[in-house]
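Participant: Let me begin by handing over the structure; questions about it come next.
The values are calculated or read from the model by the stated rules, or taken from the named source; none is laboratory data. What you are looking at is a predicted structure, and each value in this text was computed from that prediction instead of being measured. Virtual Cβ from ideal backbone geometry, glycine too; neighbours counted across all protein chains shown.
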Amino acid sequence: MPEGGPIDEEPPKFIRANPENYSTQFDKEEIRIYFDEYIKLDKPQQQIIISPPMTPKPNIMPLGTARKDIKIEIFDTLEENTTYTINFGKSIVDNNESNPFNYFKYVFSTGDYIDSLMVSGTVKDAKLKAPSQPVSVMLYEVDSTYTDSIVYKETPRYVTYSQDSTFAFSLENLKAGTYRMVGIMDKNDNYLYNPGSEKIGFIAENITIPTDSTYDITVFKEELDFKPKRPSHVKGHKILFGYEGTVDLDSLDINLLSGKPVGYEYRVVKDPAKDSLYYWYNIKPELDSLSFEVVTPKTRDTLLARLGTMDRDSLEVSAESGGINKNFKFLANTPIVAHNDEFIRVMDKDSSEVPFTTEFFPMRNEVVLKFEKAPSNNYQVSAFPGAITDLFQETNDTLVQSLRTKALEDYGKIILNIQNIRSFPVIVQLTNTKGDVIAEKYSENSGNFTFEFLNPGDFLVRVIYDTNSNMKWDTGNYLKKRKPERILYYRDTINVRSNWDQVETFSLE
């Protein structure tokens, strides 16, 4: 049988356009761009970007079928003396092998000349080693009507995407003027900033074009103001309070405003995975609905919850055994109100009793056991009835949990020497390749850090300049022109092997 010949690896070739590319005095309602073979558009909504944006957006074909031309129908009334750019990104591919014709752009002007100025730069993610998706980089013209809130309600004058691998961007065919530059992870492709779901970055000072400067934009997720949602009765003696935004949960109170019976007690527990709080109460009020006041240092909201008839959960205690460098935890499905160390035992493999301390975290609803662990050892943690008591005065059944530590040679170690630290304090975090924090250390005067008892695998190291000394990373705020605290990543992924000390030097210059 014939083999069919070599695989086509050539991208489609541009032949001509009508009107011609880089036309001036443009006044047409339709554009045709012709190629030497059948083409299709791959992810046109994400790839094709028009600058300045047109409202309504033009109709661009083909959609779903292959053809030898691209047809663009324009419905917008175009601005006078304006240069428009339609950048196709990597969307133009041939029909058979999907070979891309990269970064083709069609440019025209409604005036006498094509604007030819440009500005370029790179984008970063404040928290991740690299942005997780392309960033839309936008220029807003600074005139008498400009305000910082323009990013929420108006489309920019010019817009482009950062490139996938280099994270570089360039805005081309610009006219001279003064602009404000903003970067947005524009998830819904509407050229507007949605702080609930999108990241933003900005250049603090105005940009005057023409310029020889290049610009670095760092995008970050803002912390929203706290806003509680309408509560719902999800189970007996348990009400769910969802919320959005950020708040110090230790400063938050949920108060029942009326119908409180004698002996009424309650507890608030945070959902470990969602922005939700569970309000538990021990005695059901004789009402069909309850009115609550949710109070924070800055807000006060009154909310109503309607009650149904549902059975409540009975106490079930579970455990997280952790590891050699992680604490043991007792967890419960109902709110813990007390724990008694006299009913808890920790034994090692020689049946010797191991001393321990406990700490209770009410909002997380967990009791943490802290005890020394040695390599190549087995531990047995026992919680006898009376160790854990919940809001309904129920106590746990006997719980026995085993924990085994590996031999010392099964673990690896990272010895890190960080040089040229600009200012202290710093937070040094060890993460997996997904960005999840595995371990962290805090330093006010030293650049030497050792991470022990690591399971073999790949790790990333990042250094946070803790500018306000609050022992955590703080994000930025667009309207307040506050940038996030700086995070620097070690350039390489560190591979940890068993029975090996990995020594690395990280310069922050």
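Participant: Can you pull out the residues in region 223-251 that are closer than 30 Å to residue 472 by Cα, in contact with a Lys or Arg (Cβ under 8 Å, 6 or more places away or on another chain) and of a type in the set (Gly, Ala, Ser)?
Facilitator: Of everything in region 223-251, those that are closer than 30 Å to residue 472 by Cα, in contact with a Lys or Arg (Cβ under 8 Å, 6 or more places away or on another chain) and of a type in the set (Gly, Ala, Ser) turn out to be 242, 245.
Participant: Also: Give, as residue ranges, the strands (runs of 3 or more DSSP E) completely inside region 396-509 that count at least 3 residues that are touching a strand residue (DSSP E or B) at 6+ places or on another chain (Cβ under 9 Å) and within 30 Å of residue 184 (Cα to Cα). If you could, list the steps in order and put the result at the bottom.
Facilitator: Numbers: elements: 399-404, 412-419, 426-431, 437-443, 448-454, 457-465, 487-489, 494-496, 501-507.
Counting at least 3 such residues, we get 426-431, 437-443, 457-465, 487-489.
Participant: Could you pull out the residue among 411, 490, 442, 478 that is out of contact with any Ser or Thr (no Cβ under 6 Å at 6 or more places or on another chain), under 30 Å from residue 374 (Cα atoms), surrounded by 18 or more Cβ atoms within 10 Å (Cβ to Cβ) and of a type outside the set (Val, Ile, Thr)? Give the steps one after another, and end with the answer.
Facilitator: Working: 490 fails: under 30 Å from residue 374 (Cα atoms); 442 fails: surrounded by 18 or more Cβ atoms within 10 Å (Cβ to Cβ); 478 fails: under 30 Å from residue 374 (Cα atoms).
Checking each option against the conditions leaves just 411.
Participant: Mind counting the residues in region 32-84 that are on the phi > 0 side of the Ramachandran plot and more than 36 Å from the chain's Cα centre (by Cα)? Explain how you work it out, then say what you get.
Facilitator: Residues of region 32-84 that are on the phi > 0 side of the Ramachandran plot, as a first pass: 43, 64, 81.
Going one step further and asking which of them are more than 36 Å from the chain's Cα centre (by Cα), we end up with 81.
Number satisfying all stated conditions: 1.
Participant: As an exercise: evaluate residue 321 against (1) in the same structural domain as residue 255 (by TED's automatic domain parsing); (2) of a type in the set (Ser, Thr, Tyr); (3) within 30 Å of the chain's Cα centre (by Cα) and give the number of the one condition it does not meet.
Facilitator: In the conditions (1) in the same structural domain as residue 255 (by TED's automatic domain parsing); (2) of a type in the set (Ser, Thr, Tyr); (3) within 30 Å of the chain's Cα centre (by Cα), residue 321 misses (1) alone.
Participant: Continuing with this model, one more query. Among the residues of region 294-306, count how many are part of a strand (DSSP E or B) and in contact (Cβ under 8 Å) with a residue 40 or more places away in the chain. Let's see the steps before the verdict.
Facilitator: Narrowing region 294-306 to residues part of a strand (DSSP E or B): 294-295, 300-306.
Now restrict to residues that are in contact (Cβ under 8 Å) with a residue 40 or more places away in the chain: 294-295, 301-306.
Residues in region 294-306 being part of a strand (DSSP E or B) and in contact (Cβ under 8 Å) with a residue 40 or more places away in the chain: 8 in total.
Participant: Next question. Any chance region 209-232 includes a residue that's touching a Phe, Trp or Tyr at 6+ places or on another chain (Cβ under 9 Å), without any contact (Cβ under 8 Å) to a residue 40 or more places away in the chain and not basic (Lys, Arg)?
Facilitator: Scanning region 209-232, I find no residue that is touching a Phe, Trp or Tyr at 6+ places or on another chain (Cβ under 9 Å), without any contact (Cβ under 8 Å) to a residue 40 or more places away in the chain and not basic (Lys, Arg), so the answer is no.
Participant: For the structure I just gave you, tell me whether residue 389 is in contact (Cβ under 8 Å) with a residue 40 or more places away in the chain, surrounded by 15 or more Cβ atoms within 10 Å (Cβ to Cβ) and either within 28 Å of residue 265 (Cα to Cα) or of a type outside the set (Lys, Arg) (or both).
Facilitator: Here the answer is yes, as residue 389 does meet what is asked.
Participant: Another question, if that's okay. Which residue pairs have Cβ atoms under 7 Å apart, sit 6 or more places apart or on different chains, and have a first residue in region 268-285 that is at pLDDT 95 or above and a second that is of a type in the set (Lys, Arg)?
Facilitator: Pairs that qualify, where the first residue is at pLDDT 95 or above and the partner is of a type in the set (Lys, Arg), are 270/364; 277/270; 278/238; 280/238; 280/267.
Participant: Has region 26-42 got at least one residue that is aromatic (Phe, Trp, Tyr), within 15 Å of residue 108 (Cα to Cα), out of contact with any helix residue (DSSP H, G or I) (no Cβ under 6 Å at 6 or more places or on another chain) and assigned to a loop (DSSP other than H, G, I, E, B)? Reasoning before the result, please.
Facilitator: Narrowing region 26-42 to residues aromatic (Phe, Trp, Tyr): 26, 34-35, 38.
Add one more test, that the residue is within 15 Å of residue 108 (Cα to Cα), and what stays is 26.
With out of contact with any helix residue (DSSP H, G or I) (no Cβ under 6 Å at 6 or more places or on another chain) added as a condition, the list becomes 26.
After this cut, where a residue has to be assigned to a loop (DSSP other than H, G, I, E, B) as well, the list is 26.
Yes, the conditions are met somewhere in region 26-42.
Participant: Can I ask one more? Say whether the condition of being acidic (Asp, Glu) and crowded, with 16+ Cβ neighbours inside 10 Å is met by at least one residue in region 346-356.
Facilitator: Yes, that holds for at least one residue.
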